[in-house]
Every structure is written in C-alpha cells, then in structure tokens.
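Step one of this worksheet: look at the structure below.
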Amino acid sequence: MSRYLVDKFLFTVDRDPDLVERYREDPAGFVAWWEAEQANQILNCHSGEASTWLAFDDVERQALATHDHVALFELGAHPFLTLTLWIAMFERDHDQPLAMQLDYAAKLAHVTLPYPDIST
Amino acid sequence: MAKLVAILATTHHPFYYKTSQLPPDVAPPFAAEWVRKVEAYRATLTRTRPDVLVMVGSDHFHQLWLDNMPQFLVGKAPFYDANYYNEEREFGLPRLLLKGHEELSAYILREGIDKGFDLAFSNELRVDHSITCPIFTVRPQNDLPIVPIYTNIFAPPLPRPERFVQLGRTIRELIDAWPSDLRVAVIGTGHLSLELGGPRQFGPHGPDPEFDAKAVEWIANGDIDACLSEVTLDSLHAPGNATHGFMDFMLMMGIAGYQKADYADNLDLFHTMEAYFTWYPNGVNA
C-alpha cells in the first residue's frame with residue numbers, strides 16, 4: 001500500500017492544468033505514464049534527484065485509472081485532494097451549482113464513521 | 001511595548017469573495033446578509049487602527065507537502081505572494097501580494113523557539129486562502145504588513161488541541177512583551193464542523209449543527225477548559241472529516257485567554273456555519 005503515493009498523484013495533478021486535462025481524458029494511460037515518469041520525482045528537491053522505490057499497488061492503480069473516487073476514499077486517499085481534483089475535472093459536466101459535489105457525496109452515502117485512516 | 005489591540009477568530013469561506021462581487025440580481029439569496037455581517041465584522045478591526053497583522057491559518061496542500069511537513073511554521077519574508085491556480089479555478093480568488101513584517105517574524109521565531117516551540121520557518125512562502133480570505137473580509141485594502149503562522153490541521157499526525165491552545169498562549173505572551181511601539185492585531189481562521197470529500201459535504205448546513213452551537217458558545221465565552229474537556233484529535237472526526245480546522249479557533253482562544261469575546265456573530269450557511277469573534281484585550285479604545 002502506498003497511500004502517500006496516491007496522495008502525491010492527486011496533489012501533483014491537481015496543481016497543473018495540463019495534467020488535469022490529460023487525466024480527465026485518458027485516466028488509464030495517464031496513470032501509467034505518471035507512475036513511470038513522475039512517481040519518483042522528489043518535489044521541492046533539485047532536479048535530477050529522485051527516489052527509486054515508489055509504486056502503486058494494484059488496487060490503488062485501478063482506483064486511479066478508473067476515476068473511482070469511492071475506492072480512493074476507502075483506501076484512505078486524502079479526501080481534500082481527491083475532491084479538489086474531481087471538481088477540476090468534472091464540475092464542468094454538471095449544470096447546477098454544487099450538483100457535482102452532491103453527486104460525489106451521494107456515491108459515498110454508504111460510508112459510516114469511523115472513516116478510513118488517511119495518515120501517511 | 002507593543003499593544004495588542006484586537007484578536008479576531010473567524011471561519012474562512014473561500015466562496016465569500018466571489019459571492020460578494022455578484023450583482024444583486026444574480027447573487028444567491030443569502031449573499032446580502034453575508035456581506036452585511038462581514039462588513040460589520042470588518043469594523044471591529046478597522047476601529048483598532050492596527051499597524052501589523054499576525055495571521056494564523058493553514059496551508060491546504062499548496063506549498064507544504066507530505067515530504068516535508070511542518071506542524072507550526074512562521075513566515076519570515078519581506079513579501080508574500082498569495083493564492084494559487086486551483087484557488088482561482090475553484091473559488092475565483094485573485095492573486096495578491098502582501099507585505100511582510102520581518103522584524104516581528106524574527107522575534108516570534110527566536111522567542112517562540114526559546115519558549116519550547118520548535119517553529120519551522122519559511123523565507124519564501126506563498127500563502128493561500130486561509131490567510132487571504134480574512135484579508136478580503138476584514139482588510140480588503142491589503143495595506144498592512146503581516147506575519148503568517150501556519151498550523152497543520154490537515155495531514156496526520158497532527159499536534160493535539162492542547163498544543164494549539166498552548167501556542168496561542170505563547171503568541172500572546174510574545175506580542176505583549178514585544179519591544180515595539182506598534183499596534184498589533186492577530187487574525188486567525190479555522191472551521192467549525194466541516195466535511196470535505198465525504199458523504200456529508202455540501203449539505204444545507206454544516207455537517208454537525210450541534211457541535212457548531214457548542215463551539216460558538218465555547219469561543220464566545222472564552223471557555224477554554226470546557227472546550228478542551230470535550231475536544232480531542234479523535235472526537236473531531238465525528239462532526240465532519242475536516243473539523244480539525246477547529247483547532248485554529250482553539251489557538252485563537254489561547255491568545256484571547258479566559259475572556260468573553262467582545263463581539264460574536266455567526267451565520268448559518270449551506271456547507272458550513274460562518275462565525276466571527278473579536279476580543280479587545282486592552283479595551284475597546286486601546
């Protein structure tokens with residue numbers, strides 16, 4: 001399990017408009033590219049330095065590759081990161097204000113307290 | 001010594017700026033009352049004629065990230081750029097440039113460390129809406145130098161609520177003892193009950209109106225002990241999964257001490273309750 005790496009994916013994609021669009025359009029292909037090329041980049045570090053050990057497990061990769069925000073919640077992805085990126089990708093597909101956010105919540109209606117651990 | 005002229009503790013609602021800019025014919029029905037309450041709240045700061053603002057908030061995974069996460073961080077820079085692409089995108093927040101007060105930053109860092117808080121610092125900090133929302137609401141002219149203080153209410157493991165109160169008490173001691181002629185105001189923003197990215201988000205009220213009612217009472221009455229007796233890191237999950245932001249209110253209660261707020265107001269909105277508190281620790285006409 002690499003909850004940290006899932007959060008890192010959400011964080012780095014959300015802050016780059018180009019990556020947001022690429023993830024929206026081709027989630028499976030984008031996740032494969034990101035894991036191969038970006039997952040081990042150390043943020044806030046000199047370019048050229050990288051980690052060597054970061055990878056998704058199969059469940060995480062599948063959740064990201066299928067835009068499955070319910071699975072991400074259940075895996076303990078940071079809910080703020082998932083929500084923010086989902087708003088960026090999918091709010092445009094809804095006509096009414098907050099319709100996307102309410103639909104997002106409804107799909108999580110089965111979740112009860114305590115919520116999954118989000119610590120990394 | 002410096003004079004602490006005002007302590008403001010409030011929610012930060014990133015939708016306020018955009019809502020307040022809308023013409024009346026397209027503004028939502030709650031907009032007029034919201035603007036009226038914010039303008040009344042702004043007057044509680046304006047009347048105290050501050051020279052410098054100490055601003056407590058929390059980075060929302062903008063500059064601070066899980067590879068190097070401070071628990072408490074003080075900005076020490078001559079300027080702070082503000083707001084991020086995803087805040088423009090989601091909330092319509094404009095970019096800002098704030099002035100910094102490096103002397104007070106350096107003082108808080110040195111003395112805070114000596115008083116037992118190993119404060120992180122940043123010489124190049126881009127602040128986000130936890131700092132800029134109160135600029136938009138209570139100091140829209142953005143003319144005063146600031147000292148930003150960031151807390152981690154976001155990425156576990158978090159400091160416990162007691163630690164937030166203790167840091168508030170320490171900040172109060174430091175400001176009261178700062179050898180300066182300046183008038184200082186402290187503005188801190190947090191949340192009452194709040195859910196983000198979970199099943200209870202964006203409801204007609206905050207996710208836990210009962211918690212909100214209690215929280216407003218604790219803050220308005222300066223009832224730090226009752227608050228601490230009920231609030232733990234675990235208990236804060238129940239009112240909503242982003243309710244740990246309430247600990248920034250607790251930090252502000254630590255600054256204010258066991259004092260009733262001189263001004264208390266709130267507004268029940270969709271998604272969350274807005275709340276506005278001001279203390280005049282040296283009297284309203286200090």
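None of the figures in this text is laboratory data; all of them are computed from the coordinates on show. As the structure is a computational prediction, the values presented were derived from the model and not from experiment. Backbone-built Cβ (ideal geometry, glycine too); neighbour counts: all protein chains shown.
Tell me whether region B:3-279 comes out rounded, prolate or oblate; compute the Cα gyration tensor, take square roots of the eigenvalues as a ≥ b ≥ c, and use a/c under 1.5 as the rounded threshold.
rounded
If you take the square roots of the eigenvalues of the alpha-carbon gyration tensor of the protein assembly as shown and sort them as a ≥ b ≥ c, do you get rounded (a/c under 1.5), prolate (a/b over b/c) or oblate?
On the way: a/c = 1.70, a/b = 1.42, b/c = 1.19.
Here the protein assembly as shown falls in the prolate category.
For the pair A:VAL59 and B:ALA177, how long in nm is the line joining their label points, each one 7 Å along Cα→Cβ?
5.1
On a 0 to 90 degree scale, rounded to 10, what angle separates helix A:27-37 from the longest Cα axis of chain A?
Between helix and principal axis, roughly 30 degrees.
Any chance you could check the Cα centroid distance between region B:2-39 and region B:202-276 for me, in angstrom?
What the calculation gives is 18 Å, centre to centre.
Roughly how far apart, in whole Å, are the Cα centres of region B:44-120 and region A:46-60?
Measuring centre to centre over Cα atoms gives 31 Å.
Would you tell me the mean number of C-beta atoms belonging to other protein chains that fall within 10 Å of each C-beta in A:41-51, as a whole number?
Working: counts 0, 2, 4, 5, 2, 0, 0, 0, 0, 0, 1.
Per residue, the average neighbour count from other chains is 1.
Could you work out how far apart the two model spin labels at B:GLU103 and A:ASP16 are, taking each label as a point 7 Å from the Cα in the direction of the beta carbon, and quote it in nm?
Modelled inter-label distance: 4.4 nm.
Under a Cβ-only charge scheme (Lys and Arg +1, Asp and Glu -1), can you give me the dipole magnitude of chain B about the Cα centre, in debye to the nearest 20? Mind dumping the intermediate values first?
Details: 23 positive and 36 negative charges, 119 e Å.
Around 580 debye, computed over chain B.
If Lys and Arg each add +1 and Asp and Glu each add -1, what is the summed charge of the other residues whose beta carbon sits under 14 Å from the beta carbon of B:LEU93?
-1
Please give the calculated 222 nm ellipticity per residue for chain A, where each DSSP H segment of at least 4 residues contributes -39500 (n - 2.57) and the sum is spread over every residue; nearest 500 deg cm²/dmol? Write out the running numbers ahead of the final one.
Details: 7 runs with 67 residues, N = 120.
So the helix-based figure for chain A works out to -16000 deg cm²/dmol.
Calculate the mean, over all residues of peptide B:60-66, of how many other protein chain Cβ atoms lie within 10 angstrom of the residue's Cβ.
4
Can you tell me the 0 to 90 degree angle between the C-alpha axis of helix A:79-90 and the longest principal axis of chain A, rounded to 10?
So the helix axis and the longest Cα principal axis differ by about 80 degrees.
Helix hunt in chain B: which complete DSSP H runs extend at least 20 Å axially by C-alpha with mean Kyte-Doolittle at least -1.0? Don't skip to the end; give the middle numbers.
On the way: long enough: B:31-46 (22 Å, -0.26); B:161-176 (23 Å, -0.41).
TM-like helix candidates: B:31-46, B:161-176.
Expressed in nm to one decimal, what extension gain is obtained for the pair B:ALA32 and B:ASP81 from 0.36 nm per residue of sequence separation less their Cα-Cα distance?
This chain segment gains 14.6 nm when fully extended.
For B:LYS18, go through the lysines and keep the ones whose alpha-carbon is under 20 Å away, minus same-chain ones fewer than eight residues off.
B:LYS37
Answer with one residue from B:HIS244, B:ILE135, B:LEU119: the one whose Cα lies farthest towards the positive end of the charge dipole of region B:3-279, charges on Cβ with Lys, Arg +1 and Asp, Glu -1.
Of B:HIS244, B:ILE135, B:LEU119, it is B:ILE135.
For B:ALA226 paired with B:LYS260, estimate the spin-label separation in nm (one decimal), with each label point 7 Å from Cα along the Cα-to-Cβ line.
1.2
Would you mind giving the mean number of other chain beta-carbons within 10 Å of the Cβ of each residue in B:198-205, as a whole number? Provide the component values of the computation, followed by the final result.
On the way: counts 11, 12, 5, 8, 9, 2, 0, 0.
Mean partner-chain Cβ count within 10 Å for B:198-205: 6.
Based on the Cβ-Cβ distance of B:TRP65 and B:ASP234, what FRET efficiency does E = 1/(1 + (r/R0)^6) give at R0 = 30 Å, to the nearest 0.05?
Efficiency for this residue pair is about 0.75.
Among B:LYS76/B:LYS260; A:LYS8/B:LYS115; B:LYS76/B:LYS115, which pairs are too far apart, with a Cα-Cα distance over 23 Å?
Long pairs (Cα-Cα over 23 Å): B:LYS76/B:LYS260; A:LYS8/B:LYS115.
What order do you get for B:218-230, B:111-123, B:131-143 when each peptide is scored by the mean count of other beta carbon atoms within 10 Å, highest first?
B:131-143, B:218-230, B:111-123
Provide, in order from the shortest bin, the percent of all Cα-Cα pairs of region B:51-190 in each 10 Å bin, continuing until the bin that contains the maximum pair distance.
Whole-percent P(r) values from 0 Å outward: 12, 45, 35, 8, 0.
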